[in-house]
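Please read the structure below before turning to the comments.
The values are calculated or read from the model by the stated rules, or taken from the named source; none is laboratory data. As the structure is a computational prediction, the values presented were derived from the model and not from experiment. In this analysis, Cβ positions are derived from the backbone assuming ideal geometry, glycine residues included, and neighbour counts consider all displayed protein chains. These accessible areas exclude ligands, DNA and RNA; they are computed on the full protein's heavy atoms, side chains included. Shrake-Rupley method; radii C 1.70, N 1.55, O 1.52, S 1.80 Å.
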Amino acid sequence: MTDYPDFEGQKSKLFTAADWSAVLATDKNFRVIASLKTFGQSHSGTYNVPAASTLYIVGMAVGCRADAAADADKDQVAHGYLLNAAVTVADLLCNGGNGITFPKPIVVDGGNTFTYGVYCYANHSCTIYVSCWGYEL
Amino acid sequence: MTERGIDKLKAGDFNDLSQEELPGGWIQITLRKRGEDRLYRFQVRDLYGPGEDIRNENVEEVH
């Protein structure tokens with residue numbers, strides 16, 4: 001007969017392998033903002049994953065808003081993207097804002113560069129955003 | 001000795017990273033690590049590149 005941990009009084013808890021990895025890991029949250037961007041202009045951030053670590057990205061969001069009040073009611077289109085060692089692994093477009101979670105994490109091995117960026121595709125000056133999040137083991 | 005934000009970034013020793021574009025190719029980076037009551041702010045140009053340049057480093061206590 002299997003002896004199970006003592007769950008009385010919340011002394012113990014069972015985790016799936018994925019959930020336990022998240023508990024052990026360092027949560028990572030990345031965010032970029034750039035203002036005064038017009039059609040085709042972009043900004044990005046990079047993170048070189050330490051050699052002994054692995055980065056897991058589980059979701060991303062992208063946003064775009066007008067810089068001038070007169071443009072606030074227009075379309076605010078932006079394109080967010082993620083690169084894993086120079087390979088595009090995710091694209092997310094929005095008109096205003098959008099977000100997704102990945103059913104399987106994007107895995108960035110140690111020593112590789114992770115890039116998160118956003119393009120403005122509005123015909124007026126905008127502030128653009130991209131954010132992504134996950135954990136690092 | 002207080003750690004530098006750029007060193008924490010490269011070691012992966014942070015949880016939250018916020019980056020804002022500045023004029024002239026500079027970017028403003030703010031780092032936070034859970035359990036530490038401080039923010040690490042610095043400005044960098046050509047991050048990870050051969051011309052990497054750091055300025056305006058600041059460690060801010062937060063409560």
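Observations
- A Cβ-based charge dipole, computed about the Cα centre of chain B with Lys and Arg at +1 and Asp and Glu at -1, lands at about 80 debye.
- Computed from protein heavy atoms with a 1.4 Å probe, the total accessible area buried between A and B is close to 1400 Å².
- Judged by the mean number of other Cβ atoms found within 10 Å, the most tightly packed of the peptides A:42-54, B:34-46 leads the ranking A:42-54, B:34-46.
- Per-residue mean of C-beta atoms belonging to partner chains within 10 Å, peptide B:21-28: 3
- Checking every one of the trypsin sites (Lys or Arg not before Pro) in region A:12-86 against DSSP loop status and a limit of 10 other Cβ atoms within 10 Å picks out A:K13.
- Each Lys and Arg Cβ is given +1 and each Asp and Glu Cβ -1; about its Cα centre, region A:53-137 then shows a dipole of about 120 debye.
- Annotation: per residue accessible area for chain B equals 57 Å², rounded to a whole number [probe 1.4 Å, protein chains only].
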